[in-house]
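First the structure, in the form of C-alpha cells, and then the observations on it.
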Amino acid sequence: RLRRRARCGDFFRRIRVPSRSHSSAAGAFQVQRVAGAPDSRPESLTDPSGHWGIGFAKVPPILVVLVAFIPVQSARGLARDGAGGRGSGILTLPYVDLRPDGAVQPEGDQPLPSPEEAAKAEKEAEVGPEIIPEPSLLEQLFSGWTGEVRFGSDLSSGNSDRIRFLGGFNVNKPYGGHKTSLRTDYAFARDNNGESENRVTSSATQDWATGKTKFSGVFLRAILEFDQFRDFDYRISLSGGGRYQITKDDKTDALLRFGISATREFGVGDDRWVPEGAFFLSATHILNAKSKVSANVDYFPEIEQPSRYRVNARASWDYMLDEESGLSLRFGAENRYDPRPNRKNERNDFDLRAELIWQF
C-alpha cells in the first residue's frame, strides 16, 4: 500500500500546469493574473510563466478522485430518475421548478380555495360525511300524506225548519309510482219531524303502477256504506282490476279503473255476495291558477242481471281563496242511483252542496 501511494505521488508531481487559461485533458484549470495586479498569491500556486494557476501537485490524490467522481454520479442519477431527483443514486439533488408558470392550476379554471374553505374541507374530511339514519317503519307509514278536509251546512226556517251538515276528508300518499287513497263523506240532517238523513260512506283505494304505458297498473278498492234510512244496516263492496290512463298532462288528468266487484248487504233477507262489474272514471282539469273542475262516476252492473246496476256520480268546481293557507270554496252536485225492487219510488238521491275546503 505504501509503495502504491508513492507511485501515485510521483505521477502527480510530474504533471505541469499549462500556461493557457483553458482546462487541460487531465482536468486542471488555470487562473490568469490581471496585469498590474499585486502578487498576493502564495508562490506554491504560480508557475514559471508568471500566471496564477492551481495544479495537482499540492492537491491530495483522494480529493481529486472525489471531485471527478461526484459530478459523474450526479449526472447518472438525474438521467435515471429524472428531474425530480428522488432516486437512490449517490448524492443526487432534488429538482425544484422555480418558474412563475410552473404552478399547476385546478382543472376547469377554478380558483384555489380560500384558507377558510380549505380549513372547512379539512374539518369535514376529519369528521366524515353525515350519516342520515333510515326512517323507521312508523315514520314511513305516517309521512308523505296530502289531502283535504271538507265542511258545509245549510239552514232553512219557516213553515218547515231544516238544518243539514256535510263534511268529510280524503288523504292520498303517492310513493314510487304507486298511490294510496282514503276518503270519507258524512251527511246529517234534521227537520220538523226529526232526523231525516244520517249517512256515512268510506272508501280505500290502492293503486300499483306496473309500467309507463297507458295500460300500466292494477288497483284494489273497498267501499263501506252506512245509511240509517236504507233497508240494510251497512253494505260492503270489494273491487279489483286494471287501470287505463286516458290522458295526463300539466292541466288534465283522466283515469279509468275497470274490473270486477263483489257486493254484500248486511241486515236484509238476501244476505249474499252479488258479483258485479266495476268501472270507476275520475277526471280533473285545471282551468286557471285559482280554479279547477272535477268529476267522478262509479258504475256497478250486476253480472247475472246487467239491467240492474248502481251509479254514483258527482261533479264539483273549486275556487282557491287563499293559496298560502290552503282554503278553497267548492260547489258541487251528487247523484246516487240504486234500482232495488223495494225502493222503486226512491231510486235517485240528488244533492247540491257548497263546502269550505282546507287542503294540507
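The values are calculated or read from the model by the stated rules, or taken from the named source; none is laboratory data. All figures in this text were calculated on a predicted structure; none of them were measured in a lab. Positions of Cβ are backbone-derived with ideal geometry, glycine not excepted, and every protein chain shown enters the neighbour counts.
One residue stands out in the stretch 259-298 among those that are of a type in the set (Gly, Ala, Ser), in contact with a strand residue (DSSP E or B) (Cβ under 9 Å, 6 or more places away or on another chain) and not in a strand (DSSP E or B): the one that is surrounded by the most Cβ atoms within 10 Å (Cβ to Cβ), namely 267. For first residues located in the stretch 244-264 and in the same structural domain as residue 305 (by TED's automatic domain parsing), partners that are part of a loop (DSSP other than H, G, I, E, B) and lie 6+ apart or on another chain with Cβ distances below 8 Å form the pairs 244/214; 244/215; 245/214; 245/216; 246/214; 260/303; 264/271; 264/272.
Residues that are in a loop (DSSP other than H, G, I, E, B) and surrounded by 14 or more Cβ atoms within 10 Å (Cβ to Cβ): does the stretch 232-254 have at least one? Write out each step before concluding.
Our first condition is that a residue be in a loop (DSSP other than H, G, I, E, B); within the stretch 232-254, this holds for 232-233, 249-251.
Adding the requirement that they be surrounded by 14 or more Cβ atoms within 10 Å (Cβ to Cβ) leaves 232.
Yes, the stretch 232-254 contains at least one residue that is in a loop (DSSP other than H, G, I, E, B) and surrounded by 14 or more Cβ atoms within 10 Å (Cβ to Cβ).
Evaluated against (1) loosely packed, with under 15 Cβ neighbours inside 10 Å; (2) in contact with a Ser or Thr (Cβ under 6 Å, 6 or more places away or on another chain); (3) not small (Gly, Ala, Ser), residue 223 falls short on exactly one condition, (1). Residues in the stretch 326-335: is at least one modelled with pLDDT of 95 or more and exposed (fewer than 12 other Cβ atoms within 10 Å of the Cβ)? No, that holds for no residue.
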